[in-house]
Amino acid sequence: MSKKLILQGPQADQAVLEQIAQLAGARSTTPLGAHALRCDGIAFTPALKAEVNAAADAARVDASFVDANLSLADFKLVAMDMDSTLITIECIDEIADMQGLKPQVSAITEAAMRGELDFSESLVRRVALLEGLPVAALGRVYDERLAISMGGEAMLAGVQAAGLHTLLVSGGFTFFTERLQTRLRLDHTHANLLEAQDGKLTGRVLGAIVDAEEKRRTVERVCAELGISPRQAIVMGDGANDLRMMGIAGLSVAFRAKPVVRAQADVALNFCGLDGLLTILA
């Protein structure tokens, strides 16, 4: 199947985009707004993709090769990771900051997201450090530090208007996913439940941990409930624990992701917001 190339960058002008299109050997180009360009008639090869990606990265442009006829209408579900994907922060790191332990917890988080540590083991270690913290601290993180990633609300508005279901599946915590579900009108959420007693965290997670395998199972379960194939799902993530659910998707999207995730995803958004997805599938 022939490929289209979508070039987009928040600060990129059409002249820069056209230069990259020429490098790609595009037979025709179509502007998609002021900062995006569709390129057609490309003789796609992995070597060409690597060359175009290098030039695009240097120009702070996202280059996405997808099937020429692929559109949002081909999908029924968008599944998203939460921390550092739908939202800008790692919630557990910010919770730890309330204990004065952010550097220690952040180091474990980063290693887990790079795939250097088992996620479940890393979560147990990090949550244990939160023992004794008032539950009210989670509310402070939500109110004072949590922000939706650039383009997140526009992306959700676009996919919801197109009739797609939404799933937020997170190795983080239900305290945040439940609030985001109400705020953003999400259809499904799944995350870890922090144990608390007498208004303080115990340093333990209740029930099975939402790790990479559970994320994959969750996407499969929601797809089954909707009567669709996982190939009709778009899955977005940033860390190694997202790779299994991304691997079963019809389109996997790496957002501000670790190198191991960018290397395996179908497309990567390194510079644009989450709403870059809508441009890729326009």
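Taken together, the values in this text are just the output of simple stated rules run on the coordinates, not laboratory data. None of these values were measured; they are calculated from a predicted model. For neighbour counting, all protein chains shown are included, and Cβ atoms are generated from backbone atoms with ideal geometry for every residue, glycine included.
Applying a DSSP loop filter and a limit of 11 other Cβ atoms within 10 Å to the trypsin sites (Lys or Arg not before Pro) in region 173-209 leaves Arg185. Of Asp211, Asp62, Asp187, the sequence from fewest to most neighbouring Cβ atoms within 10 angstrom is Asp187, Asp211, Asp62. With a simple spin-label model that places each label point 7 Å from the Cα along the Cα-to-Cβ direction, the separation between Glu144 and Asp67 comes to 4.9 nm. Amide H to amide H distances under 5 Å link Leu168 with Met80, His188, Thr189, His190, where only residues 5 or more positions off or on other chains count and H is placed in the peptide plane. The 3J(HN,Hα) values that the Karplus relation (6.51, -1.76, 1.60; θ = phi - 60°) gives for region 134-143 are, in residue order, x, 4, 4, 5, 5, x, 5, 4, 5, 6 Hz. Gly and Pro appear as x. Spacing of the modelled spin labels on Arg114 and Ala54, each 7 Å from Cα toward Cβ, amounts to 2.4 nm.
The alpha-carbon atoms of the chain define a convex hull whose volume equals 124 cubic angstrom per residue. Short-range pairs are left out: with C-alpha atoms under 8 Å and at least six residues apart, the relative contact order of the chain is 22 percent.
This model, with +1 at the C-beta of Lys and Arg and -1 at the C-beta of Asp and Glu, gives the chain a dipole about its Cα centre of some 420 debye. For region 179-240, averaging the sequence separation of C-alpha pairs within contact (under 8 Å, six or more residues apart) and dividing by the residue count gives a relative contact order of 19 percent. Note on Lys3: lysines with a C-alpha under 28 Å away, same-chain residues under 8 apart excluded, are Lys49, Lys76, Lys258.
Applied to region 74-90, the Karplus parametrisation 6.51 cos²θ - 1.76 cosθ + 1.60 on θ = phi - 60° returns per-residue 3J(HN,Hα) values of 7, 10, 10, 8, 10, 10, 10, 5, 9, 5, 6, 10, 5, 10, 7, 10, 9 Hz, with x for Gly and Pro. Each Cα pair under 8 Å and six or more residues apart adds its sequence gap; the mean of these over the residue count of region 131-263 is a relative contact order of 18 percent. If we count GluC sites (Glu not before Pro) as exposed when they sit in a DSSP loop and have at most 14 other beta carbons within 10 Å, what is the longest stretch of the chain that avoids them all? In the chain, the maximal stretch lacking such sites is 132-282.
Computed over neighbours whose Cβ is under 14 Å from that of Arg27, the net charge equals +1, Lys and Arg +1, Asp and Glu -1.
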